[in-house]
1. Just going by the charge dipole of the protein assembly as shown, with Lys and Arg at +1 and Asp and Glu at -1 on Cβ, which of B:C96, A:F146, B:F11 is farthest out on the positive end?
2. Diagonalise the Cα gyration tensor of the protein assembly as shown and give the resulting equivalent ellipsoid semi-axes, square root of 5 times each eigenvalue, largest first, whole Å.
3. Given the options B:S35, B:S57, B:S75, which has the most mean-square fluctuation in a GNM of chain B, springs set between C-alpha atoms less than 10 angstrom apart?
4. Between helix B:2-13 and chain B, what is the angle of the helix's C-alpha long axis to the longest principal axis, kept within 0 to 90° and rounded to the nearest 10?
5. Apply the a/c threshold of 1.5 to the C-alpha gyration tensor of chain A and tell me whether it is rounded, prolate or oblate.
6. Among the lysines, select those whose C-alpha is under 22 Å from the C-alpha of A:K54, and discard any that sit fewer than 8 residues away in the same chain.
7. For chain B, what D do you get in µm² per second when you plug the Kirkwood radius from alpha-carbon pairs into Stokes-Einstein at 37 °C and 0.692 mPa s?
8. Check the straight Cα-Cα distances from B:K74 and name the lysines below 19 Å, setting aside those fewer than 8 residues away within the same chain.
Amino acid sequence: MTRSIIKIISQDHKVAKLAAIAIALSLIEFFLPSPIPGVKPGIANIIILFTIIKFNFSTALWVSLIRVFIVSIILGTFLGPTFFLSLSGSVFSLLFLFLFRGINGQYFSVISLSLIAAFAHIIGQFLIVRFWIIPHDGIFYLLPIFLISALIFGLVNGIITTSLLNIKK
Amino acid sequence: MRKLIKKIFQFIRVIKIGDLLTIFIFISLTFYLASILWNFPQGEYLKIQMGKKELGSFSLNQNITKIIEGPIGKSEVIISSGKVRISKSPCTKKYCIHQGWIKKLNQTIVCIPNQISISIIGNRKDYDSLNY
């Protein structure tokens, strides 16, 4: 029997556990009916925000990307348009979280980060839609609807993350 | 009930002053974008066509009723300060009447049985991506 050359450290276990929760939340969200097609609460972002505050950015990066890949493989959308929408939204929201992760402190809480992530997610998805899937300016008529949903769900997710972070172990 | 209110207050208390600023910025951004993106240009003139023949252009800023003689009968077009509709038509399905008022640039009402089409034009014609 060959010995495994990959050393598993406690960091890997942490990432795996968090990613598993994020994947479960994404799948629950997939089966929830939505009144407007495409508007989703994005509850998996709670885990990403939790990870970024509780641990560090690189852990959150791993969790987020693992979530995108595994969920798309489970739902059968891997390398399809849905997958790229999800990937671009996640990458954009991670980019903005990376830029703004320092504001969390005395005046700003994780709610601001949640809102920024939600808006960045919408922007990332719209860029992909505009330049690849539907190359027409008409889709920008839909942008305000998605921004309003990002505002509401970003706020709710932020409040949930705050209460999650306040739980003492 | 009182417990619920207390709980809601507990949730709201976690919002810090900077968060209010962020929320305000995002709300104003959303409304600003909505006001830009949902601003449809208004038309100024009305073009009535019968088949391939153009019957003429009329200003939308007037209140008149026009009777147009088509191949199967008379259609009545009402122009009322910036908007226009077909109010009477001899066709069977009455799609043209059910479409109601139109007022935005490049909107069109077509009555195929009576060969009448009404479209709103502005000073500048936008490209119609379907026909162009």
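1. So the residue we want is B:F11.
2. Square roots of five times the eigenvalues give 54, 23, 17 Å.
3. Among B:S35, B:S57, B:S75, the largest GNM mean-square fluctuation belongs to B:S35.
4. With rounding to tens, the tilt is 90 degrees.
5. In terms of gyration-tensor shape, oblate.
6. A:K54 reaches A:K14, A:K17, A:K168, A:K169, B:K16.
7. 179
8. Hits, sequence-local ones excluded: B:K47, B:K52, B:K53, B:K66, B:K88, B:K93, B:K94.
All of the numbers you see were taken from the coordinates with simple rules; none came from a lab. Note that the structure is a prediction, hence the values are computed from the model and not measured. Ideal geometry is used to build each Cβ from the backbone, glycine not excepted, and the neighbour counts take in all protein chains shown.
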